[in-house]
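Down below is the structure, laid out as structure tokens.
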Amino acid sequence: MAERKYDRLLGIDTVGLREWRARDTEYNRYEATPYRALDRLFQSYRFHPRDRVVDFGCGRGRVAFAIHNRFHVPITGIEAHDKTFAEALRNKPRYRERAHHISAPIRFEFGLAERYEVRPEENRFYFFNPFSKHIFKQVVSNILHSVERNLRPVDIILYYPVPEYKRYLKKRTSFKIVNKIKVPGATDRHDKFLVYRLKPKEHNPKASTPIS
Ligand SMILES: C[S@@+](CC[C@H](N)C(=O)[O-])C[C@H]1O[C@@H](n2cnc3c(N)ncnc32)[C@H](O)[C@@H]1O
């Protein structure tokens, strides 16, 4: 299976699913972005040496390791499920054995994405449907407040974008879609990436509402 093969190359273990125990949770289950999708993203979208990336709901860390390995940029993964977080941490030393030549840091933080304080240098934000639209709004609002304090262009990358996320970004923020990247061979129309960009001069703080 290709997913396991890629995992082995990186020295990590990220294949599988994990549901949350509570049924009515606003938090979605763990499932990694497929490597074939990441390969496609990396053909069209480049991370640059000065970028600082955050994966909100990083799971076992696949996206963090893959971006770090390919682009050598610092990346932070935030994960709220204790077992899943522990698995991300376990993956790190095994990955590092293979990637010791890459000096950029990889950090994993245990906690809720909606409580994460966005750092002034962070400018690339990745989401693969980690949580409900209410939590997404709160996280985007935190990003926007960070941009107001430290003006900079920022990108949001959505994999498998759901209508609620898209609607919110379109109607309530000044983010604009700058790229749509379809995964080759996909039969599901959601199997794609949308890249949204906010340029500071386009950001109107009054237009963004945190939680409705
Ligand atoms: C669909 S998985 C995506 C994993 C990873 N980003 C990837 O693409 O391979 C979503 C992850 O978000 C985590 N999650 C859900 N709600 C969260 C929250 N409020 N804060 C942090 N992590 C959360 C889940 O436990 C799960 O591991």
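The values are calculated or read from the model by the stated rules, or taken from the named source; none is laboratory data. As the structure is a prediction and not an experimental result, all values here were calculated from the model. We place every Cβ from the backbone using ideal geometry, glycine too, and count neighbours over all the protein chains shown.
For the range 46-58, taking the residues that are more than 9 Å from the ligand (Cβ to nearest atom) and either among the basic types (Lys, Arg) or crowded, with 17+ Cβ neighbours inside 10 Å (or both), the one that is farthest from TYR126 (Cα to Cα) is identified as ARG50.
Quick one: is GLU19 more than 16 Å from the chain's Cα centre (by Cα), at pLDDT below 95 and within 18 Å of ALA113 (Cα to Cα)?
Numbers: more than 16 Å from the chain's Cα centre (by Cα): yes; at pLDDT below 95: yes; within 18 Å of ALA113 (Cα to Cα): yes.
For GLU19, the condition - more than 16 Å from the chain's Cα centre (by Cα), at pLDDT below 95 and within 18 Å of ALA113 (Cα to Cα) - is met.
One residue stands out among those in the range 59-74 that are more than 10 Å from the ligand (Cβ to nearest atom) and at negative phi: the one that is surrounded by the most Cβ atoms within 10 Å (Cβ to Cβ), which is ILE67.
Residue by residue through the range 19-29, note down the ones that are within 11 Å of the ligand (Cβ to nearest atom) and assigned to a loop (DSSP other than H, G, I, E, B).
Those that are within 11 Å of the ligand (Cβ to nearest atom) and assigned to a loop (DSSP other than H, G, I, E, B): GLU19, TRP20, THR25, GLU26, ASN28, ARG29.
For the range 170-183, the condition of being closer than 30 Å to GLY11 by Cβ and either buried (at least 19 other Cβ atoms within 10 Å of the Cβ) or within 16 Å of the ligand (Cβ to nearest atom) (or both) holds for at least one residue.
So which of LYS166, LYS170 ends up being of a type in the set (D, E, K, R), at pLDDT 95 or above and either within 18 Å of the chain's Cα centre (by Cα) or not in a helix (DSSP H, G or I) (or both)?
Numbers: LYS170 fails: either within 18 Å of the chain's Cα centre (by Cα) or not in a helix (DSSP H, G or I) (or both).
Going through LYS166, LYS170 in turn, the sole match is LYS166.
Among the residues of the range 33-52, those that are in contact with a helix residue (DSSP H, G or I) (Cβ under 6 Å, 6 or more places away or on another chain) and touching a residue at least 40 places away in the same chain (Cβ under 8 Å) comprise THR33, PHE47.
Of all the numbered requirements in (1) aromatic (Phe, Trp, Tyr); (2) out of contact with any strand residue (DSSP E or B) (no Cβ under 8 Å at 6 or more places or on another chain); (3) surrounded by 21 or more Cβ atoms within 10 Å (Cβ to Cβ), TYR30 misses one, and that requirement is (2). Among the conditions (1) more than 18 Å from the chain's Cα centre (by Cα); (2) within 29 Å of LYS180 (Cβ to Cβ); (3) among the basic types (Lys, Arg), LYS83 misses just one, which is (2).
Which one of GLY77, GLY16 is within 14 Å of the ligand (Cβ to nearest atom) and buried (at least 20 other Cβ atoms within 10 Å of the Cβ)? If you could, list the steps in order and put the result at the bottom.
Values: GLY16 fails: buried (at least 20 other Cβ atoms within 10 Å of the Cβ).
The conditions single out GLY77.
What are the residues in the range 22-72 that are more than 20 Å from ARG119 (Cα to Cα), small (Gly, Ala, Ser) and under 14 Å from the mean Cα position of the chain (by Cα), if any? Listed by number, the residues that qualify are ALA32, ALA37, GLY59, ALA66.
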